[in-house]
Amino acid sequence: MELWVTEYQTPSLGFSCKVTQTLRAAQTRYQHLAVVETEQFGRMLLLDGMVQTTEKDEWVYHEMITLVALNAHPRPEQVLIIGGGDGGTLREVVRHPGVKKGILVEIDEDVVQASRDFFPELCCAFSDSKAEVTIRDGIEYVRENQARFDVVIVDSTEPVGPAVQLFSAEFYQNVFASLKEDGILVVQSESPFFNADVIKMAYQGIKQSFPITELYLASVPTYPSGLWSFTVGSKQHDPRRPLTNYQEGCKYYNPQVHKAAFELPGFVRRIIEE
Ligand code: SAM
């Protein structure tokens, strides 16, 4: 008998992959966690039934959520990641030559453990000398740290459960305070096709605190609709212009893609201009 996993991306659309093995299925303190082996995308991590990452396409998201902000900042030395317990964003952060410290603050230690157990390509940075992994609520952590970071990356789940507040204007205001005077914030802000409301919430919320707010796009095959958005808030530097062209080992990111990612189709531009 065949086994398939389906993410219900909308109430009337499912994204299904053929599964060869279920490696873990457990309820954590915060969410349902599953790791399955799929034929198409290799190992896949799901939280509450939503695809978080897969072995075969993780690099698009992890390069794009990380390198745009890091290369737009002249000295991205101290970097904070909120969420991102799978480790992929941390891997890209500590790989960047300008980074001195990458701090990962993840609320659910079972996500970190699942990465250690099943995703060697993602968890490899947990033991890096530049990395620090803390199991805590990122909302509290940001509130307690003032003027400390050059770049803050919010690699969160969808705005449900513990991630709801990560999309609030109050949280972005606290992130602004946690950044140094020329700091940059980047958040994953979901699909322009299916989550225009989330993009509006992130963009408008960030705009309330940051003088520069921009949206950019990348193509992630396993995320709803395949077209994914990221929203950046910057205190000084123009996030659309890479100041350094670090791209070693990258499969998606390069300085041309960096600039082009900010060129938005009309329907996406209308979402943020409305
Ligand atoms: N790339 C993914 C995506 O867009 O689907 C996100 C990956 S990562 C696994 C998301 C992580 O954010 C989850 O492990 C979740 O536990 C964590 N998270 C959610 N709310 C959080 C909070 N308030 N503080 C810290 N981590 C949080």
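The values are calculated or read from the model by the stated rules, or taken from the named source; none is laboratory data. Bear in mind the structure is a predicted one, so any value in this text is a computation, not a measurement. Cβ coordinates were reconstructed from backbone atoms using ideal geometry, including for glycine residues, and neighbour counts include every protein chain displayed. The accessibility values were calculated without ligands, DNA or RNA, using every heavy atom of the protein model including side chains. Shrake-Rupley method; radii C 1.70, N 1.55, O 1.52, S 1.80 Å.
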Legend entry - Matching residues in region 148-160 - criterion: being modelled with pLDDT of 95 or more and either within 8 Å of the ligand (Cβ to nearest atom) or open to solvent by less than 20 Å² (accessible area, probe 1.4 Å) (or both): PHE149, ASP150, VAL151, VAL152, ILE153, VAL154, ASP155, SER156
Legend entry - Within region 90-102, considering residues that are outside any helix (DSSP H, G or I) and in contact (Cβ under 8 Å) with a residue 40 or more places away in the chain, the one surrounded by the fewest Cβ atoms within 10 Å (Cβ to Cβ): PRO97
Legend entry - Filter result for VAL19 (touching a Ser or Thr at 6+ places or on another chain (Cβ under 9 Å) and within 15 Å of the ligand (Cβ to nearest atom)): no
Inset, instruction - Please give the number of the condition ASN145 fails out of (1) more than 13 Å from the ligand (Cβ to nearest atom); (2) open to solvent by less than 10 Å² (accessible area, probe 1.4 Å); (3) closer than 28 Å to PHE210 by Cα. - result: (2)
Inset, instruction - Among what's in region 181-198 and is more than 12 Å from the ligand (Cβ to nearest atom) and within 14 Å of PRO224 (Cα to Cα), pick the residue that is most open to solvent (accessible area, probe 1.4 Å). - result: PHE193
Inset, instruction - Taking only region 79-109 into account, find how many residues are near the ligand (Cβ under 9 Å from one of its atoms) and touching a Pro at 6+ places or on another chain (Cβ under 7 Å). - result: 1
Legend entry - Residues located in region 90-113, provided they are within 14 Å of LEU33 (Cα to Cα) and in contact with a helix residue (DSSP H, G or I) (Cβ under 9 Å, 6 or more places away or on another chain): ILE107, ASP108, VAL112
Legend entry - Selection status of VAL112, among the hydrophobic types (A, V, I, L, M, F, W, C), under 21 Å from GLU77 (Cβ atoms), buried (at least 19 other Cβ atoms within 10 Å of the Cβ) and within 14 Å of the ligand (Cβ to nearest atom): no
Legend entry - Selected residue [of a type in the set (Gly, Ala, Ser) and surrounded by fewer than 19 Cβ atoms within 10 Å (Cβ to Cβ)] from GLY49, GLY83, GLY138, GLY87: GLY49
